[in-house]
1. Keeping to region 90-106, report how many residues are among the small types (Gly, Ala, Ser) and not in a loop (DSSP other than H, G, I, E, B).
2. Considering only region 66-119, how many residues are within 13 Å of the chain's Cα centre (by Cα), within 26 Å of residue 33 (Cβ to Cβ) and among the polar types (S, T, N, Q)?
3. Could you list, in sequence order, all residues of region 90-121 that are in contact (Cβ under 8 Å) with a residue 12 or more places away in the chain, of a type outside the set (D, E, K, R) and farther than 28 Å from residue 145 by Cβ?
4. Going through region 161-172 one residue at a time, which ones are crowded, with 17+ Cβ neighbours inside 10 Å and either at pLDDT below 95 or touching a Gly at 6+ places or on another chain (Cβ under 8 Å) (or both)?
5. Could you tell me whether residue 87 is closer than 28 Å to residue 3 by Cα, part of a loop (DSSP other than H, G, I, E, B) and in contact (Cβ under 8 Å) with a residue 40 or more places away in the chain?
6. If we scan region 34-52, do we find a residue that is among the hydroxyl-bearing types (Ser, Thr, Tyr), under 26 Å from residue 131 (Cα atoms), over 15 Å from the mean Cα position of the chain (by Cα) and outside any loop (DSSP other than H, G, I, E, B)?
7. Considering each residue of region 131-172, count those that are outside any helix (DSSP H, G or I), out of contact with any Leu (no Cβ under 7 Å at 6 or more places or on another chain) and closer than 11 Å to residue 81 by Cα, and give that number.
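The values are calculated or read from the model by the stated rules, or taken from the named source; none is laboratory data. Quantities reported herein were computed from a predicted structural model and do not represent experimental measurements. For neighbour counting, all protein chains shown are included, and Cβ atoms are generated from backbone atoms with ideal geometry for every residue, glycine included.
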Amino acid sequence: MMRISMPDEGTYPEYYRQYVEAVPDDEVMTYFVHSQSAVPDFLRQIPENKLGYAYAEDKWTIAEVIQHIMDGERVFAYRGLCIARGEQQPLPSFDQDLYIRNAETSHRTLASLIDEWTGIRHATISLFAHLPDDCLNYLGHAAGYPIRLKAIPWIIAGHEYHHMNVLRERYL
């Protein structure tokens, strides 16, 4: 499996640095493989009746936070695919609040969220594990900023890690 070390600062938008630096492993594919069991194990500890809980007014529910993690992973993995394949067109940003409003998570079960997360993570690992080594330094443009392909899996991992900590600290 390809090893993808931490990207250099300046190879991705500054506002993603908190995510890149949050990844607890020194190699992102190690994080992804470990998360295949760690994240579902953590999510299974959430009582089904708490999925609709939000810790404050105008905050997302637990189900919405999980959906947001998955939506973000899908969007970033798509950006990674585009950059890996040499796409030169700017890739759009996404409105995370619009995505959550349209996700209709109130009908979701914990099992359905875990199943979906598992499928997405498997696809993400497969995508990044089989990229040609030389494409990691490819430059693309997403949400109005230049970004190197190498940074994208780190952003995915750090974004998830951040939101899992938010779930632990503010919701459970």
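1. 1
2. The qualifying residues number 2.
3. 105, 106, 109, 110, 113, 114, 118
4. none
5. yes
6. Yes; the residues of region 34-52 include at least one that is among the hydroxyl-bearing types (Ser, Thr, Tyr), under 26 Å from residue 131 (Cα atoms), over 15 Å from the mean Cα position of the chain (by Cα) and outside any loop (DSSP other than H, G, I, E, B).
7. Matching residues across region 131-172 total 1.
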